[in-house]
Amino acid sequence: MKMKPLVLAAALALSAASVYAEDVAFDVPLVGPSPVGTYTAGFDVQHLVAGAFEDTLTFTPSVDGYIKGSLVTTGALDSNNIDFTSGSINGIAFDFSPTGTNEVGFTPIAFAAGPIVLKLFGIAGPDLAPGTSIAASYGGTLNISAVPEPETYAMMLAGLGLIGFMARRRKKADAEGPAQLAAC
């Protein structure tokens, strides 16, 4: 009969060790396009429970373009510290500074096709027992330089062709104009 409480205690201990911080998933609105066709977004995420987390942020509307992302967290206390373990935007990996009080991460400038999705893995309150109440956060930015669609290039080339045709026609008409006047 003493084996039953021991097995129960072991099961509780294992389940407590697998407690994770709350995972976050939400949409982040992009601001734009600007007059030059760029989009931007700023975001922040709070974690209130210590443990490992997996956050997913989807940026809307869905656009294609060259992206550059950044992340930052600062935490001088165990209860507000976050350690990033890995992260990517559409498979483009972040380069992170070493873990510690201040951590930053940046992506290289790279092309990404929409929808743009940030996946971030980390540990909130890494020096505390999983499940402990904390108040930790991180923030970041995303900038996208949109790439015109092929139809846009086709319209631009057609417009340039029309302008060239009109300029040639005008030049030809100007050249014929003095010759016709001289014949009169």
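Quick one: is residue 141 under 12 Å from the mean Cα position of the chain (by Cα), open to solvent by 50 Å² or more (accessible area, probe 1.4 Å) and modelled with pLDDT of 90 or more?
Working: under 12 Å from the mean Cα position of the chain (by Cα): yes; open to solvent by 50 Å² or more (accessible area, probe 1.4 Å): yes; modelled with pLDDT of 90 or more: yes.
Taking the combined requirement at face value, the residue satisfies it.
Find all pairs meeting these conditions: Cβ atoms under 7 angstrom apart; at least six residues apart or on different chains; first residue within segment 62-81 and within 14 Å of residue 138 (Cβ to Cβ) and hydroxyl-bearing (Ser, Thr, Tyr); second residue open to solvent by 30 Å² or more (accessible area, probe 1.4 Å) and assigned to a loop (DSSP other than H, G, I, E, B).
74/101
Conditions first: (1) in a strand (DSSP E or B); (2) open to solvent by 60 Å² or more (accessible area, probe 1.4 Å). Residue 98 passes all but one, so which condition is the exception?
Condition (1) is where residue 98 drops out.
Out of (1) open to solvent by less than 30 Å² (accessible area, probe 1.4 Å); (2) in contact with a Phe, Trp or Tyr (Cβ under 6 Å, 6 or more places away or on another chain); (3) not polar (S, T, N, Q), the odd one out for residue 114 is which?
(2)
Going through segment 37-87 one residue at a time, which ones are over 25 Å from residue 99 (Cβ atoms) and out of contact with any Asp or Glu (no Cβ under 6 Å at 6 or more places or on another chain)?
Of everything in segment 37-87, those that are over 25 Å from residue 99 (Cβ atoms) and out of contact with any Asp or Glu (no Cβ under 6 Å at 6 or more places or on another chain) turn out to be 37, 38, 39, 40, 41, 59, 61, 62, 63, 64, 65, 66.
Would you call residue 135 farther than 17 Å from residue 59 by Cα, buried (at least 21 other Cβ atoms within 10 Å of the Cβ) and not aromatic (Phe, Trp, Tyr)? Let's see the steps before the verdict.
Numbers: farther than 17 Å from residue 59 by Cα: yes; buried (at least 21 other Cβ atoms within 10 Å of the Cβ): no; not aromatic (Phe, Trp, Tyr): yes.
Here the answer is no, as residue 135 does not meet what is asked.
Could you tell me which of the residues 119, 68 is open to solvent by 10 Å² or more (accessible area, probe 1.4 Å), more than 18 Å from residue 40 (Cβ to Cβ), outside any loop (DSSP other than H, G, I, E, B) and basic (Lys, Arg)?
None of the other options fit; the residue is 119.
The values are calculated or read from the model by the stated rules, or taken from the named source; none is laboratory data. Owing to the predicted nature of the structure, the values given are computational and were not obtained by experimental measurement. FYI the Cβ positions are ideal-geometry reconstructions off the backbone, even for glycines, and counts take in every protein chain you see. All accessible areas refer to the heavy atoms of the entire protein, side chains included, with ligands and DNA or RNA removed. Shrake-Rupley method; radii C 1.70, N 1.55, O 1.52, S 1.80 Å.
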